[in-house]
Amino acid sequence: GGTKTAFLLQNEAGKIIRQVELTSSNPNDVGMDRCKTVLENGIRECCQGIPFREISMYAGLAGSKGGNTAQILREFFASFGFARSDIGSDMDTALALGLRGQDGMIVILGTGNVALAQKNAQKNALTVSFRQGDLLSPFAG
């Protein structure tokens, strides 16, 4: 994301084995070289001691949709030799995990803001613009 990149390794039963948090990896903010460095460092730290060929990997990354970014990152992840690897945007990942195929809406309020709605399997992006403090100001004081 724009602020941090979280890595999570879990087993087939869903038990968390290891979690790692590093700095931003959004290629639009930090550039592709820095993005790859952050991702490689996180992958190696999170997966230490486990052969990559035994790991299925998915990356839901902010900034992965523009231009040929997704293809560059697919090739980057393929170079590790994972059993399987795939990539999607942070928005699509949040929508899939948050709604699990049902109708509804997700809102991401982080370094960047976005709202996505899904109805009858159709996705619609909504423009969201907040200034710092807009959401918390009613609760201040």
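The values are calculated or read from the model by the stated rules, or taken from the named source; none is laboratory data. Everything numeric here is computed off the predicted structure, so don't read it as measured data. Neighbour counts are summed over all protein chains in view; Cβ atoms, including those assigned to glycine, are modelled from backbone coordinates with ideal geometry. For the accessible areas, the whole protein counts, side chains as well, though only heavy atoms, and no ligand, DNA or RNA atoms are used. Shrake-Rupley method; radii C 1.70, N 1.55, O 1.52, S 1.80 Å.
Table for the structure above
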{"quantity": "Whole-Hz ³J(HN,Hα) from phi, Karplus 6.51 cos²θ - 1.76 cosθ + 1.60, for the range 87-101, glycine and proline x", "calculated": "9, x, 7, 4, 5, 5, 5, 4, 5, 5, 6, x, 9, 6, x"}
{"quantity": "Cross-link table Lys36/Lys65; Lys15/Lys123; Lys36/Lys123, entries beyond 25 Å C-alpha to C-alpha", "calculated": "Lys15/Lys123; Lys36/Lys123"}
{"quantity": "Within the range 38-118, percent of DSSP bridges classed antiparallel, to nearest 5", "calculated": "50 percent"}
{"quantity": "DSSP-loop trypsin sites (Lys or Arg not before Pro) across the range 1-71, with at most 10 other Cβ within 10 angstrom", "calculated": "Lys15"}
{"quantity": "Thr23 long-range amide H proximity, modeled H, under 5 Å", "calculated": "Thr5"}
{"quantity": "Extension gain from Thr23 to Phe80, taking 0.36 nm per residue of separation minus the Cα-Cα distance", "calculated": "18.4 nm"}
{"quantity": "Area of Ser56 that stays accessible when all protein chains are in place (1.4 Å probe, Å², to 10)", "calculated": "80 Å²"}
{"quantity": "Cβ-based net charge around Gly60, under 12 Å, with every Lys or Arg adding one and every Asp or Glu removing one", "calculated": "-2"}
{"quantity": "Environment charge of Arg44, counting only residues whose C-beta is closer than 13 Å and scoring Lys/Arg +1, Asp/Glu -1", "calculated": "0"}
